[in-house]
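Structure first, then comments.
The values are calculated or read from the model by the stated rules, or taken from the named source; none is laboratory data. Not measured: the values here are computed from a predicted model. Cβ sites come from the backbone with ideal geometry, for glycine too, and all protein chains shown count toward neighbours.
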Amino acid sequence: MTVLARRPKRHEPFNIDLRRTDLRSADLNTGNLANAQLSESDLRNANLISANLYNANLARADLRGAVLRDSVIEGAITAEADLKRRPVSGC
């Protein structure tokens, strides 16, 4: 996962295809996932701080508890994605 997320910015003929992948709690901090196919992936509690998700397909992805602070999500497909925040314990 580290290799995929840290790939350099350059034109690539194919998009990364991670559809239906279990990425729970993955550390994708500052990762380059622009144009990635992440539909139906499990990204619960993933660290996506400052990740590049430009034009990524997140349709029906489970992002509950994922941290998206400072991420680029412009153009991302989020239809039916679960973006609920994790409940804060003790409240």
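If the condition is being surrounded by fewer than 17 Cβ atoms within 10 Å (Cβ to Cβ) and closer than 17 Å to Thr21 by Cα, then the range 38-63 contributes only Asn45. If you go through the range 27-54 and pick out every residue that is assigned to a strand (DSSP E or B), at pLDDT 95 or above and over 21 Å from Glu80 (Cα atoms), you end up with 0. Just checking, does the range 68-87 include any residue being in a loop (DSSP other than H, G, I, E, B), surrounded by fewer than 17 Cβ atoms within 10 Å (Cβ to Cβ) and without any contact (Cβ under 8 Å) to a residue 12 or more places away in the chain? Yes, the range 68-87 contains a residue that is in a loop (DSSP other than H, G, I, E, B), surrounded by fewer than 17 Cβ atoms within 10 Å (Cβ to Cβ) and without any contact (Cβ under 8 Å) to a residue 12 or more places away in the chain.
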